[in-house]
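To keep things clear, I will list the structure first and then write my remarks on it.
Laboratory data are not the source of any read-out in this text; all were calculated from the coordinates shown. Note that the structure is a prediction, hence the values are computed from the model and not measured. Here the Cβ positions follow ideal geometry from the backbone for every residue, glycine too, while neighbour counts run over all protein chains shown.
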Amino acid sequence: MEKQIKIKDIITKLSDNLIDDPEELSKYLVVLTANLWKYGKARIEKDILQSKKWADIRLTCKTDKETDMKIKNTEEWKNWQMAIITEKTVLELIRSIKKRLQSLGDELKSY
């Protein structure tokens, strides 16, 4: 049985290297796509926690703007932002790998 590839490892490898192996890229694409739902779900969960925290903070603030500034100093806000960034990163990697595979396929056809 093959060792499971971790998303973090894929991101690190792709950010450090240009991968030209279509088989390896295809594996990454499947793993990223299969896990996209997990990151979407995590984003929703972090959004809910951040919203609850915002509501709690709002009780002690005079304005929404003051609340918006204070929420940015919380762990809930940081986690929410990281969930957004992670989901976007996974989605963009999926798009990039698809383009790279298409480009590699086009190169092979031209020979």
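Here the chain is treated with +1 on each Lys and Arg Cβ and -1 on each Asp and Glu Cβ, and its dipole about the Cα centre works out to around 460 debye.
Each pair of Cα atoms in the chain enters the Kirkwood radius, and Stokes-Einstein at 25 °C and 0.890 mPa s then converts it into a translational diffusion coefficient of 150 µm²/s.
What list do you get for R95, R43 if you sort them by fewest beta carbons within 10 Å?
On the way: R95 10, R43 18.
Ranked by crowding around the Cβ, least crowded first: R95, R43.
Within region 2-111, report the GluC sites (Glu not before Pro) that DSSP leaves as loop and that have at most 13 other Cβ atoms within 10 Å. Provide the component values of the computation, followed by the final result.
Working: sites: E2, E23, E24, E45, E66, E75, E76, E87, E92, E107; in loops: E2.
Counting only loop positions with at most 13 other Cβ atoms within 10 Å, the GluC sites (Glu not before Pro) in region 2-111 are E2.
When the charge dipole of the chain is built from unit charges on Cβ atoms (+1 for Lys and Arg, -1 for Asp and Glu) and taken about the Cα centre, the candidate among A83, Q50, L32 whose Cα reaches farthest toward its positive end is Q50. Treating r as the C-beta distance of S51 and K27 and R0 as 41 Å, the FRET efficiency rounds to 0.65. Relative contact order for the chain: 35 percent, from Cα pairs under 8 Å spaced at least 6 residues apart, divided by residue count. State which entries of K8/K70; K8/K46; K6/K27 exceed 22 angstrom in Cα-Cα distance in the structure shown. Checking Cα-Cα distances, K8/K70 exceed 22 Å.
Angle, helix 7-16 long axis vs. longest principal axis of the chain, Cα atoms, 0 to 90°, nearest 10? Approximately 70 degrees, to the nearest 10.
Within the shell defined by Cβ-Cβ distances under 12 Å, the residues around Q102 carry a net charge of +3, with Lys and Arg each +1 and Asp and Glu each -1.
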